[in-house]
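Below: the structure, in structure tokens.
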Amino acid sequence: MSEETAVDGADAPAEEAVVVTETMFGVPVLHSGGQVVLHPTREGYPGLLRDLHEDGFHSAVDLCGVDFLTHPGRDLPAGVTAERFEVVVNLINHRNRSRVRVRLQVPEGDPVVPSATSLYPGLDAPERETFDMFGIAFDGHPDLTRILMPEDWIGHPLRKDYDIGRIPVQFKEAPAVRR
Amino acid sequence: MTVTHDPAAARTSEGAQELTSRDIVSAIERLHELGAVLRLSEAGALEAERDRTPDDETMIINMGPQHPSTHGVLRLMLELQGETVLRCKPVIGYLHTGMEKTGEQLSYLQGPTNVTRMDYASPLFTELAFSMTVEQLLGIEVPERAVWIRMLMTEMNRISSHLLFMATNGMDLGAVSMMLYGWREREETLRFLQEVTGLRMNHNYIRPGGVAADLPDGWRDGVLRLLDMLPGRLAEYDTLLNGQPIWRERLQGVGVITTEECLALGITGPILRSTGYSWDLRRDMPYLAYDEVEFDVVVGSYGDAFDRYAIRLAEIHESMRIVRQCLERMPAGDYRIQDKKVTPPPRARIDESMEALIHHFKIFTEGFKVPEGEAYVAIESPRGELGCYIVSDGSANPYRMHVRAPSFINLQSLPHLMHGGLVADAVAIISSVDPILGEVDR
């Protein structure tokens, strides 16, 4: 995260890149399928959500994780380092009927993201689901527990290094034969 | 805020999912379980909660996962003081089958088979969301006829889904005859869906590139039969339920929510509209050809269980309006895109041409490749915004397939709706949220 430039102000172009990255709320932007995709740093993420909330994005529609373990290369604006995990948040502005998507890079070694539940209480369950499925912890979440898997489950199923089809159906009292 | 994060602990979190006694949970969590939408600091939460703390004994009970009114396997933990619900926490996951993980193993052509099983009361919508996301990644436009077929079929499905709601809502509140009627009419609707898709449920009909098959001969008669039958039956419901004081008493003023709370919690669909907030993706962010058809977005005014019921009843009428317009304006043409990359060749060509045979074989074994990228497409399902987020790595399988299930998000309203209500009202509230547990747990 250290080599990432904290782009402050809308006029600051990304360093060392020939292409001037488009920014919005001081955050690099890409367009995907007619929607705006913002790429904040982890430090800038809570501030960006606050800005968006003030701008009219009052409703957080969805939050999910993506594990890019086996597909490291992907389209990102200059200045954004690709990390293993990504947290994707979809916000909606009812007034001017627009959507934005926030893609937040989360490193494998320290998968912690500031929780957005104080601003968007509706992200409560999706953050729990992302924690459950990817092991990404949300700092400040009121009740960060597994939501879909049993609470004594080991591992995070949607990670790419979590095999499928190897695990027999487990009942709580049965002895574990997991690998 | 500093985090003391232990990766090993994150891998094997043993955190309890249950509702626990008041002195164990933090004030913030407690407030959340009381249904507060406002997020406060720990001290602020304690302060805000002070006057609400009950002075005598409370009891935590489980409702579900086998309770008949929980629509499957929803488990609610309720803190009761006498008959009054103080706190509520939905515990879910009993139907979790890892469909998002399964989706990563299936090709784009097999994808609809998987996602259609999520929301089993309105399967065509999940197929539609999935297909539209794939089409956006592929950058293709489906033919006009396919668009209108999709609209016709999803509106039919909306009718059947709302009829199912009518049936179960009636059953939950003791109006058992409503259950029989609702089920009867739903069956008629499903019969039409079966005529077209071959299956009553889990159709796998809407696929990337169009639909699986053209409308069969005589489909107009099937639609007309339904359109003739339903208005009379809906009028019967009206007499049976709206004209019944017990029904109104059980629903009016029960489980009230405001627009602000809905927006904060991300709640969409009939629950949001019941608060008087007019938001329907079909009208506000039109997809398919919804900008070419006429229909009204029905809103309520009190945000209670009765409004949510009345909105769904009225939405059946609106869906019938759209279906009638689909019937009149159904264009001729192809029911799927004629793009060699995505579409298998027609059956007749396979007999004539070796290339067509190979092409057919390749599409069904390898599948088609989708360009790298990511896309999120949302549609209005009977339960709210149904979104599909797909990340493609350029192969024939989605790299990540996530479905934003409206029921999953809408369930978050339960603690809020339940707080201060009676246990008997809890049943009415669950029913009025209309969660489909297959979609909640995926």
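Every number in this text was worked out from the coordinates using simple rules, so none of it is lab data. Treat the numbers as computed from the prediction; the structure is a model and nothing was measured. Note that we place each Cβ from the backbone using ideal geometry, even for glycine, and neighbour counts take in every protein chain shown.
Tabulated data
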read-out: Distance between modelled label sites at B:Arg225 and B:Thr365, nm, 7 Å Cα→Cβ extension; value: 4.2
read-out: Exposure proxy ranking, count of Cβ atoms within 10 Å, fewest first, for B:Tyr335, B:Tyr376, A:Tyr120; value: B:Tyr335, B:Tyr376, A:Tyr120
read-out: Least to most buried among B:Arg321, A:Arg128 (fewest other Cβ within 10 Å first); value: B:Arg321, A:Arg128
read-out: Along each principal axis, Cα extent of the protein assembly as shown, largest first, Å; value: 71, 71, 56
read-out: Degrees between helix B:144-172 axis and first principal axis of chain B (Cα, 0 to 90, nearest 10); value: 30
read-out: Loop-located GluC sites (Glu not before Pro) in the stretch B:317-400 whose Cβ has at most 14 other Cβ within 10 Å (DSSP); value: B:Glu366
read-out: Stretch gain in nm, segment B:Ser278-B:Gln81, where the contour uses 0.36 nm per residue and the Cα spacing is subtracted; value: 67.3 nm
read-out: Pair B:Asp339, A:Thr70: separation of 7 Å Cα→Cβ label points (nm); value: 2.5
read-out: Set of aspartates and glutamates with alpha-carbon distance to A:Lys160 below 15 Å, sequence-local pairs under 8 removed; value: A:Asp67, A:Glu83, A:Glu86, A:Glu108, A:Asp132, B:Glu100, B:Glu104, B:Asp393
read-out: Per-bin percent of Cα-Cα distances, the stretch B:162-208 [10 Å]; value: 30, 38, 25, 7, 0
read-out: For the stretch B:106-241, the Rg and Dmax computed from alpha carbons only, in angstrom; value: 16.1, 50
read-out: Charge dipole magnitude, Cβ of K and R +1, D and E -1 - the protein assembly as shown, Cα centre, debye nearest 20; value: 1780
read-out: Residues B:Trp183, B:Trp247 arranged by fewest to most Cβ contacts within 10 Å; value: B:Trp183, B:Trp247
read-out: Those lysines that a straight Cα-Cα span of less than 25 Å connects to B:Lys340, excepting residues fewer than 8 apart in one chain; value: B:Lys362, B:Lys369
read-out: Alpha-carbon spread of chain B, three principal axes, descending order, Å; value: 83, 60, 35
read-out: Peptide B:409-416 - average C-beta neighbours from other chains (10 Å radius); value: 2
read-out: Inter-probe distance in nm under a simple model that places probes 7 Å from Cα toward Cβ, at B:Glu141 and B:Glu236; value: 4.5
read-out: Per-residue [θ]222 nm for chain B (sum of -39500 (n - 2.57) over DSSP H runs n ≥ 4, rounded to 500); value: -14500 deg cm²/dmol
